[in-house]
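Encoded as structure tokens, the structure appears first; notes follow it.
The values are calculated or read from the model by the stated rules, or taken from the named source; none is laboratory data. Keep in mind it's a predicted model, so treat the numbers as computed, not measured. Here the Cβ positions follow ideal geometry from the backbone for every residue, glycine too, while neighbour counts run over all protein chains shown.
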Amino acid sequence: MRYLSLAQSLTRSSRRIRIAGLVALSACLFAAATHPALAQGTNDWSELQRGLYLSRVGDCAACHTADPEKPMAGKYALDTPFGTIWTANLTPDEETGLGEWSADDFWRAMNEGIRRDGAHLYPAFPYTHFTLISRADSDAIYAYLQSLEPISQDVMEPDFPFPLNIRFVLNGWNLINFEDRSFTPDPERSAAWNRGYYIAEGLGHCSMCHSPKNFTGAVKDGDAAYSGGMAEGWLAPALRPGSGGPGLSDWSKDDLMAFLRHGRNSRTAAFGPMAEVIDKSTRHLTDSDLDALATYILDLPESGEAPADSEAIDTDDPAMQTGALVYATQCSACHGPDGEGIPGQFARLKGSSLTQSSDPTTVVRLVLEGVRSVPTEKYPTPHAMPAFDWKLNDAEVAAVATYVRNAFGNSAPAVTADAVAEIREAQ
Amino acid sequence: MARKLPKREVVIVGFGWTGAIMAEQLTAEGLDVLALERGVWRNTSTDYAVTNAQDEVRYRFRHDLFEQLSRETMTFRNSSDQTALPMRMLGSFLPGTNVGGSGVHWNGITWRFLPSDFVARSHNEERYGPLPEDMTIQDWGVSYEELEPHYTTFEELCGISGKAGNLNGRLQQGGNPFEGPRSKEYPNPPMDMVLAPKLFAEAASGLGYKPFPFPSANMSRAYTNPLGVSLAPCTYCGFCEKFACGNYSKASAPTTILPVLMRRQNFELQTQAMVLRVLKAADGKSVTGVEYITPEGEIIEQPADMVILSTYINHNVHLLMVSGIGQIYDPRSQQGLVGKNYAYQITSGVTVFYDEETHINPFIGAGALGMVIDEFNGDNFDHSGLGFIGGGFIGQTQTNGRPVESLAVPDGTPKFGAGWKKAMRENYGHSVGIGTHGAVMSYRGNYLDLDPTYKDAYGRPLMRMTFDFTENELRMSDYLTDRAVEIAEAMGGREMTVSRRKGPYSIVPYQTTHNTGGHIMGASPADSVTNKYLQHWQMPNLFLTGAGAFPQNPGYNPTGTVAALAYHSAAAIRRSYLRAPGQPMVQA
Amino acid sequence: MAISRRYFLTGASVLALTGGALARSYRGSVPWSSKTARPPSPAGLHQTFFSAEERSVIVAMVDRLIPKDEFPSASEAGVVTFLEDQLAGPYGRGDIYYLQGPFQQGTESQGYQAEAPAILYRQAIADLETAIRKEGTDGFTALDAEAQDDFLTALSEGEQELEHVDAKTFFDRLWEDTQLGYFGDPVHGGNRDMVGWKMIGFPGARYDYRPYIDHNGKALDLPPVSVAGNYQREAN
């Protein structure tokens, strides 16, 4: 049995755990969350379950399951500003996957971003975050991945231009952007906050999307962290108030937990990449982990200066007039004559930070492409917004976007037809 | 030679309202269910969204959501001494195709039948004496009381907007005082009324009637049903009946069941699978599966432990006929039951024209938005001396202001030209239509069988419909029309036109998509095709849902009863059939 | 109403996407994909059906059915463009109609018994031109307005017979199609500038009238919109 050899390798690797105390801590934190007896290797089944759970916390499947028939077999095309990366096969296939990898190899990849053969992994793989996780958690994920059905998959090299196609160059990238970190709980903070930090900053790698990136594509930290970023061409909104807008400042913990659990709450519905995150990851979180994550996120300090309040555009403005007609005839059937939405069904535009975000890309893309809210156990109805790209020209999309950003008490800069044209061309 | 697939526990043919209900119920029981649909998948947001659903040409007149007669149709004649000719274009009724079936483009009026409707023969004979010899109506073999919980289930599934008139035997203000006792109030309050139904209700009240809101599957508010599926409030868009809903506010299989059903791993839907026949066991005592054809022309044999036919009624009947299941009805010998007791409904209308100061704004509409009276339905009134039995409702629904479909001009207007154009301009938006919607009894001479000449695209003989309105129905419709005229006169308009329904029945103008009978249910295999659980008497692993089970057609829209019968059947399958599969649940 | 090039381009690609992506077996979830839609198929700018002679007859006929007054005539409103597009497409071909023989004329209650509408139109125009010429007039367009009306009335009542097709069947189609061209959505080529809707006060392809339920008999005067959008053009 594959797992027997796996257990041996776990035993071997345990000697190399650098921060022994962390294992105890993380086991302790998990005790509240999942199962009391979580010491590694003591119980095959529970170790695998823990690994499965952690792989969900880390949302591994989002990038490593391109084809539902081939779970974790990789070959998902990740578009980055520098080119396309095809994700790795995490199944234990000996030729093309992790079949030859030991738990040590896996830990090195998670902790340092280095492949079994010593080559650097591209930082689209969030080792910059995973470096925070405990060796025990890494081993559990490893154990789970090794228990999967091996699937053979073509290995694809990224289509990066020179010199990025030379992995050695990543040494330089890491020098600037990578810090091998480990997690030390802050005794001043609650257990929930600490656990939330561990999830958000580590496996959860939330800031990969929700923070802006520097010129090398690395996540900005410090004041810029969680002030909003882009993910697959969608705006990942700011999670903290400040330079990126109001963030989640008027969300309650229940709002955020409902959103992460069910994909919807009384104010909005998840769509786009976040819908996938909820479907594959956050909806599986235990109640206490979800609570911890929400506790941490809602406790993020304000970041930088809030952008100056934009003055609402006057209703006499020609774009606002066209926008009002488009809204009344195309949008209000779902979003309501006053932008109030329907709780649990259609998003509220009135007061919505996403609608009023400084970067209108998401609003424009929603109108052009349409979008679906993620169906979940509690909200199985896959309410979807239709695509308007065939129906509204650039000026009309700009007008209705400008309208929803400046009606119902909202205020945000106007959207130009040129901006819409650019977003349309990028599709 | 057909390619044979592995056997499935349940195969459902046709994936509209009842197909989805049966699939939901039986997958909940843990059965492995495969549904076969001749049409394709359709999504609200991509196929009939708020962006493109409002198109009178495309949907109403070019039949985007309706079945394509180039694949299969029927022939039609008024009486058996005529030569039936093919129905080449849809007209009088508009069955759907694709996932969700006709239930995607219905108007959403969701009635319960009267308790006396289920015992039409015994009730009328007892009260009025012997019925005409050629009237072949019969009791259903199921009672209102048996169906009551299933009506409730369907109303809660859909989130019907309405007002109860009889809660557990106690009459309620504002509801239908004639309805059978219901165990629960409607899940949603009635819709807000626009002007036209208010005018109707006021006039009807003045004449002593008790108008009430149509029970409506258009949501009066946001609603989440017991399955957890959510519907949005209706926006009165005026593109409802004959159209699909673009904002999830009309109950249909896709908006109430599919979000949950599709997630179940023991359910599979196969689209573009055109079932050509049901396969019988060699001993003729059960069915073994179905045979279908793919768009490429491959014939697939799909074996099954249990087959449920959930297509529109004419196709259910046709499948029985071309599969050699049961004897086809012959009106001369009175032998055979398949195709017997085909019935329809009879409608008429009165239009009240107002002056140019009164704006009706007819485009503010919904399929089931309106007020109605039930004084003249079923046996809610004494028929002594009237020369007919049965009845219907009289109501005002403001469904739409679509210019071509709903145009109304006063009597005396030229058929076309300058005078017509002027009348169209002056009267659009200034008229209110009252409709009557009446029962049609079953008759020896109204039936379905196979056509000797015409074939469908798959080489099967077309079904042949022989149907006409009879004296009982024309008298009844006239009586209802007279009552409608009295109400119209009290509505204070400038003038009115009266459109009485006259024979012969024509398949050209739209009337209702309420065809019934042909595989009727009953208490005995001597006079029915299925028992009260919609289980075939001779082949107990075959079930037939839909209005084909109706022994005759009461005066109400049928969907509520069609659904209640499906739930009643599903409950019996879950409760008893699965304990003794293949056995009849009612002893002949 | 002009139809933007973008509409054609994106409309076409969207259609292709949907058409190509049709699955057959569904299990596990409700399928959905972004950027898909089934927009109305806009009237083709280059699609013609009638010959020049046929077109002049059709123009003359539809302009008697809906003549010019303060509002445009049928042909001015684009009805002939609408008919051309309809007859050159699935409607004209009768794609969804049952068109297997044998063909024979039945009772009125048995409905349409002609071949595909495109064949019916073409044959009917030829037949009616022949019939009028036999009477010594050079076709329908040479009749005066009153005679044209009389001829159309005779067609509509079946009194004027046509040699190869049922006259009333043709008239019924022509009249319904003319109304659709005048009052149908402009995306199909007729109802130019939504003139038919403006004439009667129909607000077109809107989707939310909740703010107006309590109108209490007052005029609403809502500007009409097409299912194809075109807000800017209408505003200009």
Can you tell me which residue among C:104, C:86 is under 28 Å from residue B:456 (Cα atoms), over 20 Å from the mean Cα position of the chain (by Cα), within 9 Å of chain B (Cβ to nearest Cβ) and of a type outside the set (D, E, K, R)?
C:104
Within segment A:154-199, take every residue that is in a loop (DSSP other than H, G, I, E, B) and modelled with pLDDT of 90 or more and give me the one that is surrounded by the most Cβ atoms within 10 Å (Cβ to Cβ).
A:189
Do we have any residue at all in segment B:432-445 that's within 14 Å of chain C (Cβ to nearest Cβ) and not β-branched (Val, Ile, Thr)?
no
For residue C:71, work out the one condition from (1) under 30 Å from residue B:68 (Cα atoms); (2) out of contact with any strand residue (DSSP E or B) (no Cβ under 8 Å at 6 or more places or on another chain); (3) aromatic (Phe, Trp, Tyr); (4) not in a helix (DSSP H, G or I) it doesn't fulfil.
(1)
Considering only residues that are closer than 17 Å to residue A:349 by Cβ, surrounded by fewer than 24 Cβ atoms within 10 Å (Cβ to Cβ) and at pLDDT 95 or above, which ones fall in segment A:412-427?
A:414
What strands (runs of 3 or more DSSP E) lie completely within segment B:384-467 and have 3 or more residues being among the charged types (D, E, K, R)?
B:447-455
Between a residue in segment A:46-70 that is on the phi < 0 side of the Ramachandran plot and modelled with pLDDT of 95 or more and any residue that is crowded, with 23+ Cβ neighbours inside 10 Å and of a type in the set (D, E, K, R), which pairs come within a Cβ distance under 6 Å, given they are 6 or more apart or on different chains?
A:54/A:137
Applying the selection to segment B:37-59, what residues are closer than 22 Å to residue C:87 by Cβ, of a type outside the set (Asp, Glu) and either in contact with a helix residue (DSSP H, G or I) (Cβ under 9 Å, 6 or more places away or on another chain) or facing another protein chain (nearest Cβ under 7 Å) (or both)?
B:57, B:58
Has segment B:79-100 got at least one residue that is of a type in the set (Phe, Trp, Tyr), within 9 Å of another protein chain (Cβ to nearest Cβ) and in a loop (DSSP other than H, G, I, E, B)?
no
Test each condition in (1) away from chain C (no Cβ under 11 Å); (2) within 20 Å of the chain's Cα centre (by Cα) for residue B:469 and report the one that comes out false.
(1)
Residues of segment C:175-203 that turn out to be buried (at least 24 other Cβ atoms within 10 Å of the Cβ), touching an Asp or Glu at 6+ places or on another chain (Cβ under 8 Å) and either facing chain B (nearest Cβ under 7 Å) or small (Gly, Ala, Ser) (or both), as a count:
6
Residues being at the interface with chain B (Cβ under 7 Å from one of its Cβ atoms) and crowded, with 21+ Cβ neighbours inside 10 Å: count how many of those fall in segment C:207-236.
4
Search result, residues across segment A:64-85 that are closer than 21 Å to residue A:218 by Cβ and surrounded by 19 or more Cβ atoms within 10 Å (Cβ to Cβ)
A:85
Is there a residue being closer than 16 Å to residue B:51 by Cα, assigned to a strand (DSSP E or B) and either touching a Pro at 6+ places or on another chain (Cβ under 9 Å) or more than 11 Å from chain B (Cβ to nearest Cβ) (or both) anywhere in segment A:372-387?
yes
Go through segment B:209-231 and give me each residue that's surrounded by fewer than 24 Cβ atoms within 10 Å (Cβ to Cβ) and within 14 Å of chain C (Cβ to nearest Cβ).
B:220, B:221, B:222, B:227, B:228
Please verify whether segment A:346-364 includes one or more residues that are within 12 Å of chain C (Cβ to nearest Cβ) and either assigned to a helix (DSSP H, G or I) or surrounded by fewer than 22 Cβ atoms within 10 Å (Cβ to Cβ) (or both).
no
For residue A:308, all conditions in the list (1) within 14 Å of chain B (Cβ to nearest Cβ); (2) without any contact (Cβ under 8 Å) to a residue 24 or more places away in the chain hold save one; what is the number of the exception?
(1)
Between a residue in segment C:100-123 that is over 21 Å from residue C:86 (Cα atoms) and any residue that is in a helix (DSSP H, G or I), which pairs come within a Cβ distance under 9 Å, given they are 6 or more apart or on different chains?
C:105/C:169; C:108/C:168
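Being under 30 Å from residue B:494 (Cβ atoms) and free of Cβ contacts under 8 Å to residues at least 60 places away in the same chain narrows it down to one of B:205, B:143, B:183, B:220, so name that one.
B:205
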The residue that is surrounded by the most Cβ atoms within 10 Å (Cβ to Cβ), considering only those in segment B:397-418 that are more than 12 Å from residue B:362 (Cα to Cα) and more than 10 Å from chain C (Cβ to nearest Cβ), is B:409
Output the residue which, of all residues in segment A:244-283 that are part of a loop (DSSP other than H, G, I, E, B) and in contact with an Asp or Glu (Cβ under 6 Å, 6 or more places away or on another chain), is nearest to residue A:365 (Cα to Cα).
A:265
Hey, can you tell me all the residues within segment B:17-50 that are part of a loop (DSSP other than H, G, I, E, B) and among the acidic types (Asp, Glu)?
B:29, B:32, B:37
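Matching residues to (1) more than 24 Å from the chain's Cα centre (by Cα); (2) among the polar types (S, T, N, Q); (3) farther than 22 Å from residue C:80 by Cα:
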| residue | (1), (2), (3) |
| --- | --- |
| C:123 | no, yes, no |
| C:131 | yes, no, yes |
| C:147 | yes, no, no |
| C:152 | no, no, no |
| C:163 | yes, no, yes |
| C:172 | no, no, no |
Name the helices (runs of 4 or more DSSP H) wholly inside segment B:176-277 in which the number of residues that are in contact with a Gly (Cβ under 9 Å, 6 or more places away or on another chain), among the basic types (Lys, Arg) and closer than 30 Å to residue B:297 by Cα is 1 or more.
none
Consider residue C:154 carefully, then state whether it is farther than 23 Å from residue B:61 by Cβ and either in a loop (DSSP other than H, G, I, E, B) or facing chain B (nearest Cβ under 9 Å) (or both).
no
Somewhere in segment A:397-411, is a residue modelled with pLDDT of 95 or more, of a type in the set (A, V, I, L, M, F, W, C) and surrounded by fewer than 24 Cβ atoms within 10 Å (Cβ to Cβ)?
yes
Among the candidates B:235, B:255, which residue alone is within 9 Å of chain C (Cβ to nearest Cβ) and among the polar types (S, T, N, Q)?
B:235
Among the numbered criteria (1) more than 18 Å from the chain's Cα centre (by Cα); (2) modelled with pLDDT of 95 or more; (3) assigned to a helix (DSSP H, G or I), which single criterion is violated by residue C:234?
(2)
